[in-house]
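See below for the structure under consideration.
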Amino acid sequence: MTRPRTAFLFDLDGTLVDSVYQHVLAWKEALDREGIELAVWRIHRKIGMSGGLFTRILLRETGIEITEDRVARLRRWHAEAFTRRAEAGGVRPLPGARELLAWLTEAGLPWAIATSGRMQTAAHNLEALGVDPDKVPVITRDDVRHAKPDPDLFLAAADRLGVDIQHALVLGDSIWDMLAAQRCRALGLGLLCGGYGQEELERAGAFRVYEDPADLLYHVDEVAARD
């Protein structure tokens, strides 16, 4: 009997690409433009969930009326602000990210990317990472009904790879990634490079936590099933 290979399902921002704080500042700029005052740390605590849910929760916390027009404006202004930062060279792969993906490819282990961002913003990160979405399975918010902390993104990524989600590792840097992993019955593996602490990630379901992709690659034999 052929033993199933471990599949790796990666979040993008803060897991493979150093872009979390660019997103935080882009959201801050969008909120300021809308006249909504909110501390940067509160914005950071919501990064990783879907943009629509993100804006609704932030607006609810401020007590400001939530309208579809306001949510649409904030999403558009965030995308514009993030794109400007990305095009200025502010987005780079995290240490070891390219090497980790190359190692998985060489080892014949399937991998895909599943991000809560829409392709409008994800395209800049994919370009920085050197990933061609025409050649690698990339699932974005445009492809699913609900994004994190719902499991839809990772379920779609596993389906695109043709693997059973229970034979997959979900790799992410936020509690929203780990919650989504639990909901689709995958193993969650946390990385510290998005700003969440080890205990937070473990409480949300991470069974292992590493510093960044380079640290994961160094210890990959701890999590990848061997042939």
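What's the total number of residues in the stretch 53-75 that are touching a residue at least 24 places away in the same chain (Cβ under 8 Å) and either assigned to a helix (DSSP H, G or I) or among the basic types (Lys, Arg) (or both)? Before the answer, list the steps.
Filtering the stretch 53-75 for residues touching a residue at least 24 places away in the same chain (Cβ under 8 Å) gives 53-54, 58, 62, 64, 70, 73-75.
Now restrict to residues that are either assigned to a helix (DSSP H, G or I) or among the basic types (Lys, Arg) (or both): 53-54, 58, 62, 70, 73-75.
Residues that pass the stated criteria total 8.
Assigned to a loop (DSSP other than H, G, I, E, B), open to solvent by 40 Å² or more (accessible area, probe 1.4 Å) and farther than 23 Å from Leu104 by Cα - does that describe any residue in the stretch 116-135?
yes
Within the stretch 157-205, how many residues are open to solvent by 10 Å² or more (accessible area, probe 1.4 Å) and part of a helix (DSSP H, G or I)?
18
For the stretch 72-115: of the residues being over 18 Å from the mean Cα position of the chain (by Cα) and small (Gly, Ala, Ser), which is least open to solvent (accessible area, probe 1.4 Å)?
Ala81
With more than 19 Å from the chain's Cα centre (by Cα), on the phi > 0 side of the Ramachandran plot and of a type outside the set (S, T, N, Q) as the only criterion, which of Gly48, Gly35 stands out?
Gly35
Restricting to the stretch 143-156, give me the number of residues that are of a type outside the set (A, V, I, L, M) and either part of a loop (DSSP other than H, G, I, E, B) or modelled with pLDDT under 90 (or both).
Final tally of qualifying residues: 6.
Mind listing whichever residues of the stretch 9-52 are crowded, with 22+ Cβ neighbours inside 10 Å, part of a helix (DSSP H, G or I) and in contact with a strand residue (DSSP E or B) (Cβ under 6 Å, 6 or more places away or on another chain)?
Answer for the stretch 9-52, where residues must be crowded, with 22+ Cβ neighbours inside 10 Å, part of a helix (DSSP H, G or I) and in contact with a strand residue (DSSP E or B) (Cβ under 6 Å, 6 or more places away or on another chain): just His23.
Would a scan of the stretch 75-85 turn up a residue that is in contact with a Lys or Arg (Cβ under 6 Å, 6 or more places away or on another chain) and within 25 Å of Gly130 (Cβ to Cβ)?
Within the stretch 75-85, the first condition is being in contact with a Lys or Arg (Cβ under 6 Å, 6 or more places away or on another chain), and the residues that meet it are 77.
Adding the requirement that they be within 25 Å of Gly130 (Cβ to Cβ) leaves none.
No; the residues of the stretch 75-85 include none that is in contact with a Lys or Arg (Cβ under 6 Å, 6 or more places away or on another chain) and within 25 Å of Gly130 (Cβ to Cβ).
The values are calculated or read from the model by the stated rules, or taken from the named source; none is laboratory data. Just so it is clear, the model here is predicted, and its values are computed rather than measured. Glycine gets a Cβ as well: all are built from the backbone with ideal geometry, and neighbour counts include every protein chain shown. Just so you know, the surface numbers come from the protein's heavy atoms only, side chains and all, with ligands and any DNA or RNA stripped out. Shrake-Rupley method; radii C 1.70, N 1.55, O 1.52, S 1.80 Å.
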